[in-house]
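Note sheet for the following structure.
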Amino acid sequence: MSNRIRDDFLRQAGACDMLGSPFTARVCRLLAKRLDMGSHFGARVLGWAGDPQADALPLRAAGGFHALKRRGDAALAKVYPPHEADDETLWAALALAIAKDDDFLRDFLDSAPQTNEVSRSNAILGAALHVARRTGLPLAIREIGSSAGLNLGFDGYAYELGKARWGDPASPVRIAAEWHGRLPPLDAPLRIVSRKGCDLNPLDARNEASRERMLSYIWPDQTARLARIEAALDAAARCGVAVEKADAGEWVEREFAGEAHMGEARVLIHTIVWQYLPDAVKTRISLAMERAAAKAARSAPLAWIGVEADTKDKASACIRLRLWPGGTDEELGRADFHGRWARWD
């Protein structure tokens, strides 16, 4: 394995350890040390032409093995959680999977991971409550990088934000976050008048193959996370929220063009998406929002909520809110990449 590829698998292993998945970290380390060119899968990984980190190559590879396990691979089932196995036994099962399902694993690398991490909704909720409180208006939500649209339904979930509670206690989707600092305005009247999303590769929560692909990217030793996303997929399937297949730049230009609707706040949201967008797409989005901001008024405000990685702290995401008219731009707080905790300023 080239140093560039090997190093990125080791980098991802460290990230998995930090984010609470020691099993996925072991898979990444074993692939870094032992994968060779003797299979179609190995040759494609080792010869990856793109940026392995930007393309999430290690997670594509790990997701393929998890997909096989979920399909009933007997050897992998014996070494995957909740079972335990030493590195030699785990590698033997991985090597056997490569030998038996080489083409499947090679082709699984085609698509980037789409976890649609629903626990990030706690950060979206907090920022949306700020918009609702400051504008006094219902919200028209527009999300880029929506995948299956799970975070589009953020207002229908039950939240435990430290000791505080928000939402429908009967919701099957329960999002608990360790909370530090101030709470968002939980008593703000939050009403969503419309919601839309786009993605280059939208997934249909009602489609079994799409569901399985998404769940294969969830780390197998994080059983509570798996159960939570399965519940969110069920909720999305019941609601029938459709995510449009579209380029994010073109879609934002279209959705935020023209005159705003009086009496509602238009809101663009995205979570851990910005880093994956080409610079040209980022520029199109930024310019489209600048044009929309120039038309914002107190009766038709515009908000931009991002929960994204930045250079301030590599271990967490920035919760950023921009609001027009006025052009305020503030960091509301920080959030764990998987929504396990939030630190509100």
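Set side by side, the residues Ala123, Ala77, Ala13 differ, and just one is within 27 Å of the chain's Cα centre (by Cα), crowded, with 19+ Cβ neighbours inside 10 Å and outside the structural domain of Leu233 (by TED's automatic domain parsing), which is Ala13.
Checking the condition more than 17 Å from the chain's Cα centre (by Cα), part of a helix (DSSP H, G or I) and of a type in the set (Lys, Arg), which residue from Arg322, Arg254, Arg266 passes?
Arg254
For the stretch 21-32, the criterion of being modelled with pLDDT of 95 or more and in contact with a Lys or Arg (Cβ under 6 Å, 6 or more places away or on another chain) is met by at least one residue. Within the stretch 329-340, which residues are more than 15 Å from Lys314 (Cα to Cα) and either in a strand (DSSP E or B) or among the aliphatic types (A, V, I, L, M) (or both)? Passing the criteria: Asp329, Glu330, Glu331, Leu332. Scanning the stretch 289-345 for residues that are of a type outside the set (Gly, Ala, Ser) and touching a Pro at 6+ places or on another chain (Cβ under 9 Å), we see that the one that is nearest to Thr271 (Cα to Cα) is Leu332. Selection of the stretch 144-157 for residues being farther than 20 Å from Val173 by Cα and crowded, with 24+ Cβ neighbours inside 10 Å yields only Ile144.
With the structure loaded, tell me whether Ala205 is within 18 Å of the chain's Cα centre (by Cα), of a type in the set (Gly, Ala, Ser) and over 24 Å from Arg70 (Cβ atoms) or whether it fails that test. If you could, list the steps in order and put the result at the bottom.
Numbers: within 18 Å of the chain's Cα centre (by Cα): yes; of a type in the set (Gly, Ala, Ser): yes; over 24 Å from Arg70 (Cβ atoms): no.
Answer is no for this residue.
Here the helices (runs of 4 or more DSSP H) wholly within the stretch 3-50 that include at least 3 residues being of a type outside the set (Lys, Arg) and more than 19 Å from Ile218 (Cβ to Cβ) are 3-18, 40-46.
For the stretch 109-118, the tally of residues that are buried (at least 20 other Cβ atoms within 10 Å of the Cβ) and touching a Lys or Arg at 6+ places or on another chain (Cβ under 7 Å) stands at 1.
Each residue in the stretch 178-210 was checked for being assigned to a helix (DSSP H, G or I), among the charged types (D, E, K, R) and touching a residue at least 60 places away in the same chain (Cβ under 8 Å), and 0 pass. For Ile272, the conditions (1) under 18 Å from the mean Cα position of the chain (by Cα); (2) on the phi < 0 side of the Ramachandran plot all hold with the exception of (2). Checking Glu259, Glu208 one by one, the residue that is surrounded by fewer than 16 Cβ atoms within 10 Å (Cβ to Cβ) and closer than 27 Å to Asp55 by Cβ is Glu208 and no other. Of all residues in the stretch 208-262, those that are at pLDDT below 95 and among the charged types (D, E, K, R) total 10. Here is a check on your reading of the model: is Val131 β-branched (Val, Ile, Thr), surrounded by fewer than 19 Cβ atoms within 10 Å (Cβ to Cβ) and at negative phi? For Val131, the condition - β-branched (Val, Ile, Thr), surrounded by fewer than 19 Cβ atoms within 10 Å (Cβ to Cβ) and at negative phi - is not met.
When each of Ala177, Ala67 is tested for being touching a helix residue (DSSP H, G or I) at 6+ places or on another chain (Cβ under 6 Å), small (Gly, Ala, Ser) and within 17 Å of Tyr217 (Cα to Cα), the lone residue that passes is Ala67. When you check Arg343 against the structure, is it buried (at least 18 other Cβ atoms within 10 Å of the Cβ) and either charged (D, E, K, R) or in contact with an Asp or Glu (Cβ under 6 Å, 6 or more places away or on another chain) (or both), yes or no? So Arg343 does not fit the description; no. Of a type in the set (D, E, K, R), surrounded by 19 or more Cβ atoms within 10 Å (Cβ to Cβ) and assigned by TED's automatic domain parsing to the domain that holds Glu253, is that true of Arg182? So Arg182 fails the test. Residues of the stretch 331-345 that are closer than 17 Å to Arg133 by Cβ and either in contact with a His (Cβ under 9 Å, 6 or more places away or on another chain) or of a type in the set (Gly, Ala, Ser) (or both): Leu332, Gly333, Trp344.
The values are calculated or read from the model by the stated rules, or taken from the named source; none is laboratory data. Values in this document were obtained by computation on a predicted structure and should not be read as measured data. All Cβ positions, glycine included, derive from the backbone under ideal geometry; neighbour counts span all protein chains shown.
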